[in-house]
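Throughout, read-outs are computed from the coordinates displayed, never taken from laboratory work. The structure displayed is predicted, hence computed values, not measured ones. Every residue, glycine among them, receives a Cβ derived from its backbone with ideal geometry; neighbour counts consider all protein chains shown.
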Amino acid sequence: MTARRKRAERGGLAAAALLRIGQALLTALAASVVVWAILPLAPGDVAERVLLARGMQDLTTAEIDAAREALGLNAPLLVQFLHWLGGVFQGDLGQSFTSQAPVSQEIMERLPATLMLLGLALLFSVALSLVFALIAASCRDGWPDRLIRLYTQIGAALPTFVFALLALTFVVVGFQIGRVLADPSWSAALIPAFIIGLDRAASWTQLLRAGLLEAMASGYAEVARARGASERRILLRHALPNAFLPFLTAIGVSIGALIGGAPLIEAIFTWPGLGAYLLEALTARNYPVIQAYVLISALSYVTAALLIDLLALALDPRLREQGT
Amino acid sequence: MTALGVAGAGVGRGPVDRRVLTRLWRHPAGRVGLLVGGALLFVAALGAVWTPHAPDVPNYANALKRPSLAHPFGTDATGRDMLSRVMDGAHRSIGAALLVLGAVFATGLVVGTLAGLAGGLTDTVLMRIADIAMTLPGLVLAFAVLGLLGPGFLNLLIALIIADWAWYARLSRSLSLDARRRPHVIAARMAGIPGWRIVLGHILPGVALQVGIVASLALGGMIGAISGFSFLGLGVQPPAAEWGALLAESRLYFALAPWLLIAPAGAIFLSVLSANLVGNALRDCAAPQRR
Amino acid sequence: MDAVLACKDLTVTYAGGATPVRDVSFSVAPGECFALVGGSGAGKSTIARALLGLHARDTSVTGALWIGGQDMVGVPRRLWQTVRGRQMGFVAQNPWDSCNPLRSVRDHVAEASRCHGLQISWHDIADRLEALGVADAGVRARQHPHTWSGGMLQRASIAAAGAHAPPLMIADEPTSALDADRAQSVLDALKSLGSAVVLISHDMGLVLRNADKLGVLSGGLLVEQGTPSALASTPDHPETRRLLAALAPVPPRARRAAPEPLLRLSNVSVSYDRGRVEALVSADLDVRAGQIVGVQGPSGCGKSTLLRVAMQIERPSGGTVWASDAVKRPGAILPIFQDPVGSLVPHWPIWRSIAEPLMAPGRPHISRTLRDEKVAAALAQVGLGTIDPMARPSDLSVGQCQRVAVARATISEPAMIVADEPTSALDSPSTWLVSKLLGDAAERGTAVVVVSHDSAFLERVADKVVAMSAGRTLNTSGVA
């Protein structure tokens, strides 16, 4: 009876996971539809801009027409989109307008650097906010709590790029720790990732601290107290798992901001990743690159959100039983 | 019945209970936020019409001066007074954030409540569009729109509005759907109150307050985002001043004049701080306080 | 000392100087059930927290508090931890709230032993649950709290509270989150453990039935104590009389000789999801002017659906609905809901919510002065004449909000009032008052349909009660 129930629960989990994966793929697809749908709004002639970006000057109408034909821009937008989509499924993201190299190849060269930096930053911010929030919640209104609250106020009021800029200028360069011109290696990623993590952790600490305090004042915490449990036991066994679930959801949302903030972060740390690649493409209006960037960002965002949903599903029995 | 005489005067009063504002002022952090924010708004308004020195006239003889009485935050590489530049940039940085938030708040509220209350096909179509806009992290969508439209202050505002409106529409929709099922709305319907009066009197004020609180909590992030895009050269174009753009300019000379970073970074810090303080305090104060 | 618990001049002082509990003295003998009864704000929960040593850090407790012969006032927190659970068990009001939602029920019970460093086998837990009346406990205890019913989960909480067989149990409103018919069996389970019980409750009826001794709290003072029979026969203090009055029958009212019919539902059915869900299978209802019709049944029996059909906001899929002209015009049927706070527009002053039915289009225009007078009269009628009409719902207690909702439903003298569980969020004096107000409305000729799971309440207020089960109306009792 229980074994069957367990199996059914697990089966439900697998079904829910499959459903979410399907939704995730659709989401990534929808994201690229958005960008293609805005394309007609873009001012100016694409073919002309491509030729200009390749350094050609004094363009004749004939040259532009020929380029437009060569780039396949004469076909209706829907056909262009389907053509592009067909390529995507074969790993072909089109050709860069400027370098004329395959976009997928250029992206694969830069993606690891970005994932390395953002992944490490994410790790730092989760670890830092966990430590800070637990310390703050365990000595509420004591001096460690006050100090941590001051840090969270300041951190939340400094946009990541401003904090990174100041930290880089006054601490890293000022005291000559680390290198400014970074090559994408784990050791070089350490300092930038720590700086990003320290800033992100501020608002996450606020959130987790509030969640922990709320859980410490909840009915089940009060009952555990009345049964003779110690404060530390209540904090770690009851409050933390319960406060962690909404915290996890908030992290999922913040990952979007982290991905979206990558160009800015990479510009500040001169990090040769995907964000820096996008900035080059933005100035040149290199559409295939922009589209590829959107697709990759959407895929990584959706993947991160999916992992977090599955984690929440595994942690929370109420979510699990809703699914079946 | 003197109390009832007073009661008559309150008919047209808006959704924001005057006591919420009183509580906001009594909230210690809220008061600090209001004071700092008010001072910044004053500086922004002042900076739009008057600055101690001309903000965008170069004076090469005066380049990269240390902070002094005449130039409290120094001068930049072309000799322009940093204080004047920051004051001049204030109305762009703060104004743009308020403008974008105002626009997404209004669009979101109208689209969301319309979808929630009309239901049916209107709801389906509007919410599918919103869903698609929400598949991307807001900043990624903003980058994509900027990439297609090209850099520029106006394009940046458009990009941020496109990136954010759907979240507010979703929120307004779920809040208005929730409000529609509230007992007081059902009671009004059964009393025979016409639909438009229920929407204006019962539903919209509550939804607007909730969405407004969310928008006020987002103000700090929006100020940061706008200065970030301008830092990358995708927003305000030179020679116009904007805090993010000023940071980018100052950054080039940090080895020679690191103090140049102080004023724009400080301005961003103070404005985001005051926005956060007011937003958090507003959330605390608007929550119903039951005795 | 002989008593398991004794307090002398127990006073609780908040950081701001307020004293929610003052000079409270009582003692509890072994095995005795001592009840503390009082209305909201009387200081009941504050005493419970003080007895457990769970008051906030900046709150001070003075006087003397002997637990098992030891004075606990001012002892370090570490000592409290050894007393809690071992010397006294605690059962809270809401059983779902009391359990960590991420853990199974047996974890919840085991935690009571584990937090004192002891181990307990799953088998022992199942045995204890079975002894308290939980069937199939070995299997069910692996499930999570949200899948349990309130009555069963409260038994699990009792098992956890009794893990160390403490001589004393403190139970704070242990049955008020449960259906009335389950309450007694849960209390019996609690008393079956043999410990002395401090039972904290607002429900005078429940307390009189269960306590060996009781104390009446009012405004933080223990104003009267004695045996149930002594207090019930010769109450000294006005608060005791007020609480006892809530048990009195609602004053009888004049009945009409031949009440004209307003609404008749016959063989009505409602199904959703293309017939897959049958909310209502076959229901009959006959409502006449000046009559109170009660609809009683467990949750999920279709009584709310029946009410929505009567309110004419749900269209039945079968059967016939006949309505007289008097209930067909808009505004003729006004509702009262279960959730008193949600019934009022949160951002409006209460006068505006009350006056709203008067302002509907189609009603004669009403001057501002007349409207204000009517609002004042309606407030006075529900016993809120001293409340400022400019107050917001958040300034009022839950009971006061419900009375405002009654004022709104009666101000325009509608043909019919439909009330959905109007008293389930209220304490007993408020319940009594709402019952009386519904009777007043019926006396003025309004028909009232009132739905509730509480049969005692319905029998007191209604002229006839329709019982429901599984989407069907069963027998009808009372005068026709």
Query raised in the report: In terms of modelled amide H atoms, which long-range or inter-chain residues lie less than 5 Å from the amide H of C:Met468?
Result: C:Gln296, C:Gly297, C:Leu474
Query - Nearest-ten-degree value, helix A:77-89 long axis tilted from longest Cα axis of chain A - result: 60 degrees
Report summary line: Once phi for every residue in segment A:69-75 is put through the Karplus expression 6.51 cos²θ - 1.76 cosθ + 1.60 (θ = phi - 60°), the whole-Hz ³J(HN,Hα) values, with Gly and Pro written as x, are 5, 5, 7, x, 7, 7, 5
Report task. Count, for each residue of C:351-364, the Cβ atoms from other chains sitting within 10 Å of its Cβ, then give me the mean as a whole number. Result -> 4
Query raised in the report: If you count, for every residue in A:289-297, the Cβ atoms of partner chains within 10 Å of its Cβ, what is the mean?
Result: 3
Query raised in the report: Among C:Gly220, A:Ala312, B:Ile193, whose Cα sits farthest toward the positive end of the charge dipole of the protein assembly as shown (+1 at Cβ of Lys/Arg, -1 at Cβ of Asp/Glu, about the Cα centre)?
Result: C:Gly220
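Using just the helices of chain A, give the 222 nm mean residue ellipticity in deg cm²/dmol: DSSP H runs with n ≥ 4 each add -39,500 (n - 2.57), and the total is spread over all residues, rounded to 500. Write out the running numbers ahead of the final one.
Numbers: 14 runs with 240 residues, N = 324.
Here the helix-only value at 222 nm equals -25000 deg cm²/dmol.
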Query - For C:Gly89, residues with placed amide H under 5 Å, excluding near neighbours - result: C:Leu168, C:Met169, C:Ile170
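In the protein assembly as shown, what % of DSSP beta bridges are antiparallel (nearest 5)? Present the calculation step by step, with values, prior to reporting the outcome.
Details: 39 of 77 bridges.
Of those bridges, close to 50 percent are antiparallel.
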**Report entry** Point-to-point label distance, C:Ala64-C:Tyr272, nm (Cα→Cβ direction, 7 Å offset)
**Finding:** 6.1 nm
Query raised in the report: What number, in percent, do you get for the relative contact order of chain A if the mean sequence gap of Cα pairs under 8 Å and at least 6 apart is divided by its residue count?
Result: 26 percent
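Calculate the mean, over all residues of peptide A:256-266, of how many other protein chain Cβ atoms lie within 10 angstrom of the residue's Cβ.
Details: counts 7, 6, 2, 4, 11, 6, 3, 7, 11, 1, 0.
Across the residues of A:256-266, the mean count of other-chain Cβ atoms within 10 Å is 5.
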Query raised in the report: Amide H neighbours of A:Gln95 under 5 Å, counting only residues 5+ apart in sequence or on other chains, H built in-plane at 1.01 Å?
Result: A:Val103
Requested in this report: Using the charge dipole of segment C:131-187 (Lys, Arg: +1 at Cβ; Asp, Glu: -1 at Cβ; taken about the Cα centre), state which of C:Ala161, C:Thr175, C:Gly138 has its Cα farthest towards the positive end.
Outcome: C:Gly138
Query - Cβ charges +1 (Lys, Arg) and -1 (Asp, Glu), total dipole of the protein assembly as shown, debye - result: 1520 debye
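Order these peptides, A:60-67, A:122-129, by their mean beta-carbon neighbour count within 10 angstrom, highest first. Write down the numbers at each step before the final one.
Working: A:60-67: 12.8, A:122-129: 18.8.
Put in order of decreasing packing, that is A:122-129, A:60-67.
Please compute the length gained on full extension between C:Ser192 and C:Lys464, using 0.36 nm multiplied by the number of residues separating them and subtracting their Cα-Cα distance. Walk me through the numbers before you get to the answer.
Details: separation 272, 0.36 × 272 = 97.92 nm, distance 3.73 nm.
Once the chain is fully extended between C:Ser192 and C:Lys464, it gains 94.2 nm.
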Requested in this report: Enumerate the calculated ³J(HN,Hα) couplings along segment C:192-198 in order (Karplus 6.51 cos²θ - 1.76 cosθ + 1.60, θ = phi - 60°), each rounded to whole Hz, writing x wherever the residue is Gly or Pro.
Outcome: 5, 6, x, 6, 5, 10, 9
Requested in this report: Mind ranking C:429-437, A:289-297 by how tightly packed they are, going by the mean number of other C-beta atoms within 10 angstrom, highest first?
Outcome: A:289-297, C:429-437
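Go ahead and estimate [θ] at 222 nm for chain C from helices alone: -39,500 (n - 2.57) per DSSP H run with n ≥ 4, summed, over the residue count, rounded to 500. Provide the component values of the computation, followed by the final result.
Values: 18 runs with 157 residues, N = 480.
Mean residue ellipticity, 222 nm, calculated: -9000 deg cm²/dmol.
Highest first, please rank the peptides A:38-51, B:181-194 by the mean number of other Cβ atoms sitting within 10 Å of their residues.
Working: A:38-51: 15.8, B:181-194: 20.1.
Highest mean packing first, the order is B:181-194, A:38-51.
Assuming R0 = 51 Å, what is the FRET efficiency of B:Ala54 and A:Glu69, from their Cβ-Cβ distance, to the nearest 0.05?
Values: r = 52 Å, r/R0 = 1.02.
Given R0 = 51 Å and the Cβ-Cβ separation, E is 0.45.
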**Report entry** Mean Cα-pair separation over length for chain C, i.e. relative contact order, pairs under 8 Å, 6 or more apart, %
**Finding:** 16 percent
Query raised in the report: Which percent, to the nearest 5, of DSSP beta bridges fully inside segment C:119-265 are antiparallel?
Result: 50 percent
Requested in this report: Check the protein assembly as shown and count each lysine pair with an alpha-carbon distance under 18 angstrom, considering only pairs eight or more places apart or from different chains.
Outcome: 6
Report summary line: Going fewest to most other Cβ atoms within 10 Å around each Cβ, C:Arg86, A:Arg318, C:Arg57 line up as C:Arg57, A:Arg318, C:Arg86
Report task. Please turn the phi angles of segment B:166-180 into ³J(HN,Hα) values with the Karplus equation 6.51 cos²θ - 1.76 cosθ + 1.60 (θ = phi - 60°), one per residue in order, whole Hz, x for glycine and proline. Result -> 5, 5, 6, 5, 4, 4, 4, 5, 5, 5, 6, 4, 5, 5, 5
Query raised in the report: Based on the alpha-carbon gyration tensor of segment C:329-424 and its eigenvalue square roots a ≥ b ≥ c, which shape applies: rounded if a/c is under 1.5, prolate if not and a/b is larger than b/c, or oblate?
Result: oblate
Query raised in the report: Rounded if a/c is under 1.5, else prolate if a/b beats b/c, else oblate: with a ≥ b ≥ c from the C-alpha gyration tensor eigenvalues square-rooted, which is chain A?
Result: oblate
Query raised in the report: Under 17 Å from a point 7 Å along the Cα-to-Cβ line of C:Leu118: which residues of segment C:20-55 have their amide N that close?
Result: none
Query raised in the report: Using alpha-carbon pairs under 8 Å, 6+ residues apart, how would you state the relative contact order of segment A:88-232 in percent?
Result: 33 percent
